[in-house]
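Peer 1: There's a structure below that I have some questions on.
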Amino acid sequence: MLIAFVAPALLILLYRVVPPPATPLMLIRAVEGRGIDKQWVPLDEISPYLQRAVIASEDAKFCTHHGFDWDAVDNAIERLQKKHRRVLGASTISMQTSKNLFLWPSRTFIRKGLEAYLTVWLEALLPKRRILELYLNEIEWGPGIYGAEAASQRYFGIGAARLSPHQAALLAAVLPNPIDWRPDRPGPWTQDRAFTIEARLGGVTLGKGTPCP
C-alpha cells in the first residue's frame, strides 16, 4: 500500500525534469495498429497562441484552480442528474494530463477516481508551466499523432512555434474528438468553434512562456 501511495509521486517528480517516453494510450493505439508520431519540444517552442487556445477551449480557469474546476463539476453533476446524454466541461487540463500520463481511456468511476487522486499529486508537485508543457506534448491530436509539434507538422507543415492564431484555434477545436475531426479539413462545427476560440484570444500581444504567472 505504501508503494502504491508513493509511486505516483516519484514518477511525477521524474516527469518534472524528464519527458515521458510513452503513455498508456500510445501503447494501446500502437497495439491497435496505429503508429506513434511524437516529437517532444519545450514549452517555449510551442506557439503562445496554442497555449492560450487550449486553455480557452479546455480549461479557462487553468491558471487559477488547483486541479479541479468545482463550478464545472457541479454543472456536470446537475446535467447527469437531469439525464443529459453528454456531460461536458468538468475535466481540467490537469486532470487530462494525469489521465494521459498514467491511465487508460474509459469513463468508469474507478478511472475517474484514480484520475482525481493523480491530479492532486500533479498539482502539488509540478508548476503550471510544466503541467501545460506535458499536456501539449502528450495529448492525442489524431490517429497516431501526439503532441503539438507532431500535429503542427502533420496538419500544417510547420513547427509548433510558427502556428498562427487561427491554426492554433483549429488544433484546439478538434481536441474533444481528435480521431474523427481534422484541423486541416474542418467541418462547419469545427470551423465555428475555432473562430470562437480565436476570438477569446483577444488579439493580445503574446511573448514566450506560459500564459500563467
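Peer 1: Since residue 155 meets every condition but one in (1) surrounded by 18 or more Cβ atoms within 10 Å (Cβ to Cβ); (2) of a type outside the set (A, V, I, L, M); (3) in a loop (DSSP other than H, G, I, E, B), which condition does it not meet?
Peer 2: (3)
Peer 1: Shifting gears a bit: For residues in segment 94-122 being of a type in the set (Phe, Trp, Tyr) and modelled with pLDDT under 90, which is surrounded by the most Cβ atoms within 10 Å (Cβ to Cβ)?
Peer 2: 104
Peer 1: Restricting to segment 158-167, name every residue that is in a helix (DSSP H, G or I) and crowded, with 20+ Cβ neighbours inside 10 Å.
Peer 2: The answer is 160, 165, 167.
Peer 1: Of the conditions (1) closer than 15 Å to residue 48 by Cβ; (2) at pLDDT below 95, residue 135 satisfies every one except a single condition; which number is it?
Peer 2: All conditions pass for residue 135, except number (2).
Peer 1: Does residue 199 satisfy being aliphatic (A, V, I, L, M), within 23 Å of residue 15 (Cα to Cα), open to solvent by 20 Å² or more (accessible area, probe 1.4 Å) and more than 16 Å from the chain's Cα centre (by Cα)?
Peer 2: Spelling it out, it is not the case that residue 199 is aliphatic (A, V, I, L, M), within 23 Å of residue 15 (Cα to Cα), open to solvent by 20 Å² or more (accessible area, probe 1.4 Å) and more than 16 Å from the chain's Cα centre (by Cα).
Peer 1: Please return the ranges of helices (runs of 4 or more DSSP H) entirely within segment 1-73 where 1 or more residues are touching a residue at least 40 places away in the same chain (Cβ under 8 Å), more than 18 Å from the chain's Cα centre (by Cα) and under 18 Å from residue 122 (Cβ atoms). Full working, then the answer.
Peer 2: Details: elements: 2-15, 24-31, 48-58.
Per the criteria, 2-15.
Peer 1: For segment 172-182, indicate whether the set of residues that are of a type in the set (Phe, Trp, Tyr), free of Cβ contacts under 8 Å to residues at least 60 places away in the same chain and open to solvent by less than 30 Å² (accessible area, probe 1.4 Å) is non-empty.
Peer 2: no
Peer 1: Looking only at segment 5-24, count every residue that is modelled with pLDDT under 90 and β-branched (Val, Ile, Thr) and tell me the total.
Peer 2: Matching residues across segment 5-24 total 1.
Peer 1: Out of 50, 88, 27, 125, which single residue is open to solvent by 30 Å² or more (accessible area, probe 1.4 Å) and modelled with pLDDT of 95 or more?
Peer 2: Answer to the selection: 125.
Peer 1: Out of all the residues in segment 130-152, which are under 13 Å from the mean Cα position of the chain (by Cα), open to solvent by 10 Å² or more (accessible area, probe 1.4 Å) and more than 21 Å from residue 165 (Cβ to Cβ)?
Peer 2: Residues satisfying the conditions are 130, 140.
The values are calculated or read from the model by the stated rules, or taken from the named source; none is laboratory data. Everything numeric in this text was worked out from a predicted model, so none of it was measured. Reconstructed Cβ throughout: ideal geometry from the backbone, glycine too, with neighbour counts over all protein chains shown. Accessible surface is based on the protein model in full, side chains and every heavy atom, while ligands, DNA and RNA are left aside. Shrake-Rupley method; radii C 1.70, N 1.55, O 1.52, S 1.80 Å.
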